[in-house]
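Data block below; observations after.
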Amino acid sequence: MEELFSQLLSGSKGVWKYRWYAVIVIWVVSIAGWIKVMTLPDDYQSSARVFVDTQSILKPLLSGMTSMPNVQQQVSIMSRTLLSRPNVERVMRMIDLDINAKTARDHEAQLDELMSKIQIIGTSTYDIYTITYNNKNPKLARDVVQSLLTIFVEGSFKGKKSDSQKAIQFIADQIKNYEEKLTAAENMVKEFKLRNKLLLPRQGVDYDAQLAASMDSLSAAKLELVEAEQARNAINSQIAGDEPTLNLESGPGSIQNPEIDGRISTLNKNLDALRMQYTELHPDIISAKRLIQQLEVRKVEESKLRGANIDPGKNYSPMLQQLKVALTEADAKVASIKARVQEYTLRNAKLMEKSNAVPEVEGQMAQLNRDYMINKASYDKLVSSRESAKLSGELSSTTEMMTFKIIDPPTLPLTPIGPNRALFFSAVLAGALLAGVAAALLISQVRPTFLSPAELRATTGLPVLGTVSMNWTDAENSKRKRGQYLFSIMIVFLFCLYGGVLATTLSKT
C-alpha cells in the first residue's frame with residue numbers, strides 16, 4: 001500500500017512538473033470537442049399515435065355464416081412488416097427522397113438510414129401503435145411518419161382482400177374440376193343402368209325381390225291351373241253321368257269305373273303337387289302322366305267289355321247342354337292358365353340364369369354411386385366454401401371490421417430533441433482533463449527526473465551521500481507565483497467557458 005501511495009505521489013509530482021503541457025492539451029481538446037459538438041446537426045422527431053378498434057358489431061351477427069378474420073392478428077402482422085424493404089422504398093417514393101440518390105449505393109444508404117431511424121411501438125392491451133422517426137429536417141420527419149401511417153392503414157385492408165381473392169380463385173378452379181368429375185360420373189351411372197337395367201332394382205325392388213315375386217306368381221299360376229283342371233274334371237264327371245253312350249265311342253271321361261277313377265284321381269293329385277315343384281319335363285311328372293294315360297286306356301277297354309244301356313234321350317237334356325258350355329269355358333280357362341304358367345316359367349328361368357351376375361352388378365353400381373356421392377359432397381362443400389370466402393373477403397376489406405382512430409397526428413416539430421449538447425460538452429471537458437493529465441504523465445515518463453533522494457536511491461540501489469538545495473531568488477519566486485496565477489486563471493477561464501457554452505445550449509432548448 002505504501003508503495004502504491006509513493007507511486008501515486010511520484011506520478012502527481014511528474015504531472016505537476018509538466019502541467020503547462022497538460023493545460024495546452026486540455027484547451028486544445030476542449031475547444032476542438034466543443035466546436036464539433038456545436039456543429040452537430042439538430043435532430044427533430046415526429047411521431048403519430050393511432051388506435052385500432054377491432055371490436056365490431058358484425059362479428060356476432062355473422063358468426064357461423066363465414067370464417068371471421070382475425071383482425072388483431074392482421075393488424076399485428078402489418079405493424080411488424082411495416083418496415084419491410086418494399087414499404088420503406090414506397091415511403092421514399094412518396095416523399096421524393098429517392099430523387100436525391102444518384103447511384104445504387106446512395107439509394108441503399110438512404111434505405112438503411114430510414115429503416116434504422118423508424119420505430120414502431122405497439123401495446124398488445126389497448127391496440128395503440130406509435131410511429132416515430134428522427135431526422136435533421138423537421139418537414140422530412142413529419143412526411144415520413146405520415147407516409148408510414150398511410151401505408152399502415154391501407155395495408156391492413158389490401159393484404160387480406162388479396163388473399164381472399166386468391167382463395168376464391170383457387171376454390172373456383174376446384175369447383176370446375178369437380179363439375180367435370182360429376183358429369184363423367186353421371187354419364188357412367190347412366191350407361192351402366194342402360195346396360196344392366198334388368199338386373200338393377202326398379203322402383204325400390206331389388207333383384208332378389210323380383211325373383212321371389214316371379215316364383216310366387218309362378219306358384220300361384222300353377223295352383224290356379226290345378227284348380228281349373230280340377231273344375232274341368234268335375235264338369236267332365238257330371239257330363240259322363242248324363243251323356244248317352246249308345247252308338248258312340250266312349251271316352252275315358254265318360255266311363256264310370258270307381259276303382260280306376262280313384263287311382264287316376266290320386267295320381268292327378270300327386271301330379272299337381274309335382275307341378276308346383278318341377279317343370280313338365282321332370283321325370284316324375286312324365287312318369288305320372290304316362291301312368292294316368294295307361295289307366296284311362298284300361299278303363300276304356302274294360303267299359304267296352306262290360307257294355308252299358310244307353311238312353312237315347314239323354315243327349316237332349318238341358319242340364320247336359322249347360323254342362324257342355326261350362327266345360328268349354330273350363331277348357332278355355334285351363335288353356336289360358338297353362339299359357340300363363342309357361343310364361344312365368346320362362347321368366348323365372350331367365351331370372352335364375354342371371355341371378356349369379358346380380359351381386360357383381362350391384363357391387364359395381366354401389367361403387368359408381370359411392371364415387372358419385374363423394375364427388376357430389378366435395379362439390380357442395382366447395383360451393384359453400386366459395387360463398388363463405390366471398391363473404392369473408394368482403395368482410396375483411398370493409399372498414400366496419402376495424403376502425404383506425406388517429407390519436408396524435410404527425411406534426412411539424414419546432415424544437416429539436418437532440419443531440420444532447422449539454423451532456424456532450426461535459427463529456428468533452430472530462431475527456432480533455434483526462435487527456436491533459438495523461439499527456440503530462442506520459443511526458444514525465446519519457447523524460448524522467450528524480451524528485452527525491454529516496455527515488456534516486458530506490459532506482460539506482462546506491463547510497464545517497466547528500467543533496468543540494470536550490471535557493472530561489474526574489475525574481476524567481478515572483479516568476480513562479482505569476483506562473484501559478486496564470487495556470488489558475490487558465491483553468492478557471494476554461495470552466496467559465498464551459499459554463500457559458502452550457503448556458504447557451506440550455507437557453508436554446
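A few points about this structure:
- In range of the label at Ala438: residues from the range 21-49 whose backbone nitrogen is under 17 Å from the point 7 Å along Cα→Cβ: 21-34
- Separation of the alpha carbons by more than 31 angstrom is noted, of Lys190/Lys350; Lys190/Lys338; Lys193/Lys338, for Lys190/Lys338; Lys193/Lys338.
- Cα centroids of the range 26-55 and the range 446-501: 44 Å apart.
- Theoretical gain in end-to-end length, Ala349 to Ala475 [0.36 nm per residue, Cα-Cα removed]: 29.8 nm
- For the range 443-495, the share of accessible area belonging to carbon and sulfur comes to 62 percent (1.4 Å probe, ligands and nucleic acids excluded).
- Cross-link pairs beyond the 20 Å C-alpha cut-off, checked among Lys304/Lys324; Lys269/Lys289; Lys117/Lys405: Lys304/Lys324; Lys117/Lys405
- The residues of the range 437-509 expose on average 80 square angstrom of accessible surface per residue, using a 1.4 Å probe on protein heavy atoms.
- Proximity of backbone amide H atoms, modeled 1.01 Å from N, is registered between Gly418 and Asp43 at under 5 Å, excluding neighbours fewer than 5 places apart on the same chain.
- Three principal axis extents of the range 416-509 based on alpha-carbon atoms, in descending order, are 69, 34, 16 Å.
- Summary of the geometry: the range 89-140 and the range 270-303, compared by the centres of their Cα atoms, lie 115 Å apart.
The values are calculated or read from the model by the stated rules, or taken from the named source; none is laboratory data. Everything numeric in this text was worked out from a predicted model, so none of it was measured. Cβ sites come from the backbone with ideal geometry, for glycine too, and all protein chains shown count toward neighbours. Side chains included, ligands, DNA and RNA excluded: accessible areas come from the protein's heavy atoms. Shrake-Rupley method; radii C 1.70, N 1.55, O 1.52, S 1.80 Å.
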